[in-house]
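*Asks:* Structure in structure tokens, see below.
The values are calculated or read from the model by the stated rules, or taken from the named source; none is laboratory data. What you see is a predicted model, and the numbers here were worked out from it, not measured in a lab. A quick note on method: Cβ atoms are made from the backbone with ideal geometry, for glycine too, and the neighbour counts reach across all protein chains shown.
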Amino acid sequence: MAVGIFDSGLGGLTVLDAVQAQLPDVPFVYFGDHAHAPYGVRTPDDIYNLTTEAVERLWDAGCDLVILACNTASAAALRRMQESWIPENKRVLGVFVPLIEALTERQWGDNSPPREVNVKHVALFATPATVRSRAFQRELAFRAIGVDVEAQACGGVVDAIEDGDMILAEALVRSHVDALKRKMPQPDAAILGCTHYPLMQDIFQAALGADVKVFSQADLVAASLEDYLTRRPEMIGAGTQSGFLTTGDPDRVSDMATQFLRRKITFSAA
Ligand code: DGL
């Protein structure tokens, strides 16, 4: 049995870390499409083609259930995949919904009509493709009314993190938070809508101020996956081996991953 975790690069490791802590007996196969990262500057067609190719590779590794631990793929490709591409015995889940359920104080699968919620002014930080898709606003509108969302496309942050240039990443995060605050001076909550950004969570929090509640996905996705597997245990696929696959240079990616997760991670070629 194994569950697949996909991201364009290293960001999905923030989700992997949390799901492994929550579900220690489940093997996970991680796939990072480092050769094609970042996805955030690509077209929806391009993101769809790359994501479906990666998901097929995870199916080959014995994963019937794949989590797109990538907001950009979840925003730009998941709906199209669910409409016409995913076979009946497989599942692909995104990372948006658990986050929006937490923000709108809903239990899993509560599909009651949209209602007023506590947060009124929400700052969304995400990649250019995620912001362009408006997927976050669409999912939010199904669940909440009267929430004002200001989105900031955080160009350059994923590239800087993938290059290991955390000084540049920090400077970019600060300037994106400044830009957001010019549009929305006092958000109640901020969404880190890219799985790379939890690696910079302290910087986001410091730049936003202590009174802004910062939502990030890792723990929310882990709780929601545990819940899902309790209801659908058959979706843990046939694979028995955990592993890390990359389309990039395995040595380089292993070094970066080891640094981020502070434990030895060894990637092999996808
Ligand atoms: N971690 C991906 C996300 O959550 C980054 C996308 C990219 O490669 O630009 O959106």
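*Asks:* Looking only at residues in region 57-96 that are of a type in the set (F, W, Y) and buried (at least 18 other Cβ atoms within 10 Å of the Cβ), which one is modelled with the highest pLDDT?
*Replies:* Looking at the filtered set, the residue picked out is W59.
*Asks:* Then there is this: Of these, T258, T247, T230, T240, which one is modelled with pLDDT of 95 or more and either in contact with a His (Cβ under 8 Å, 6 or more places away or on another chain) or farther than 20 Å from G11 by Cβ (or both)?
*Replies:* T247
*Asks:* Which condition does D211 not pass, out of (1) within 23 Å of Q137 (Cβ to Cβ); (2) not in a helix (DSSP H, G or I), if it passes all the others?
*Replies:* (1) is the only condition that D211 fails.
*Asks:* Output the residues belonging to region 185-202 that are within 14 Å of the ligand (Cβ to nearest atom), farther than 11 Å from L124 by Cβ and not in a helix (DSSP H, G or I).
*Replies:* Correct list: T195, H196.
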